[in-house]
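Let me begin by presenting the structure, written as structure tokens, before commenting on it.
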Amino acid sequence: MKAVCWQKANDVRVETVPDPKVLNPRDAILKITSTAICGSDLHIYGGYIPTVQAGDIIGHEFMGEVVDIGSGVNNLKIGDRVVVPSTIGCGHCHYCEHDMWSLCDNSIPNGAIEEKLFGNITSAIF
Ligand SMILES: [Zn+2]
Ligand SMILES: [Zn+2]
């Protein structure tokens with residue numbers, strides 16, 4: 001597939017990257033039909049996010065068609081058209097169950113870095 005990939009500060013390129021695969025039973029794979037670079041991407045573009053590495057795919061707000069789902073997904077089916085916000089919520093923690101997905105306790109893989117920086121964690125962000 002084609003993706004916008006960060007190379008270094010102020011340098012992004014459209015590259016061919018491996019197609020995504022379902023890795024977790026709760027994953028869904030979309031064929032993206034529309035997306036855009038937003039203001040948050042400027043932090044990455046400018047080189048201000050220290051964990052971003054050359055080749056990382058950027059872009060975190062999109063819409064598309066579901067083309068594959070994991071065995072644990074029960075609220076989507078292949079062919080559904082969806083709009084995806086930047087925040088990732090697990091759907092089952094205290095915050096997700098109270099419609100505060102941006103505070104999800106379970107979606108960020110490296111929360112210790114954020115906790116050290118901000119004193120607490122937020123959700124992961126695409
Ligand atoms: Zn954004
Ligand atoms: Zn959650």
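Summary table below
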quantity: Long-range neighbours under 9 Å by Cβ, at least six apart or interchain, first residue closer than 21 Å to residue 102 by Cβ within the range 72-86, second exposed (fewer than 11 other Cβ atoms within 10 Å of the Cβ) and acidic (Asp, Glu); calculated: none
quantity: Residues that are within 16 Å of ligand 1 (Cβ to nearest atom) and in contact with a helix residue (DSSP H, G or I) (Cβ under 7 Å, 6 or more places away or on another chain), drawn from the range 78-100; calculated: 87, 89
quantity: Yes/no for residue 92 being outside any loop (DSSP other than H, G, I, E, B) and either touching a residue at least 24 places away in the same chain (Cβ under 8 Å) or not hydroxyl-bearing (Ser, Thr, Tyr) (or both); calculated: no
quantity: The range 25-59, residues that are closer than 23 Å to residue 83 by Cα and loosely packed, with under 10 Cβ neighbours inside 10 Å; calculated: 34, 36, 39
quantity: Selected residue (criterion: farthest from residue 60 (Cα to Cα)) from residues of the range 83-126 that are near ligand 2 (Cβ under 10 Å from one of its atoms) and of a type in the set (Asp, Glu); calculated: 97
quantity: Long-range neighbours under 8 Å by Cβ, at least six apart or interchain, first residue outside the structural domain of residue 24 (by TED's automatic domain parsing) and assigned to a helix (DSSP H, G or I) within the range 100-126, second of a type in the set (Gly, Ala, Ser) and within 16 Å of ligand 1 (Cβ to nearest atom); calculated: 101/89; 101/123; 102/89; 102/123; 103/123
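Table: residues versus (1) basic (Lys, Arg); (2) within 10 Å of ligand 1 (Cβ to nearest atom); (3) not in a loop (DSSP other than H, G, I, E, B).
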position	(1), (2), (3)
26	yes, no, no
32	no, no, yes
52	no, no, no
59	no, yes, no
66	no, no, yes
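The values are calculated or read from the model by the stated rules, or taken from the named source; none is laboratory data. Computed from a predicted model, the values in this text were never measured in an experiment. Heads up, the Cβs are rebuilt from the backbone with ideal geometry, glycines too, and the neighbour counts pull from every protein chain shown.
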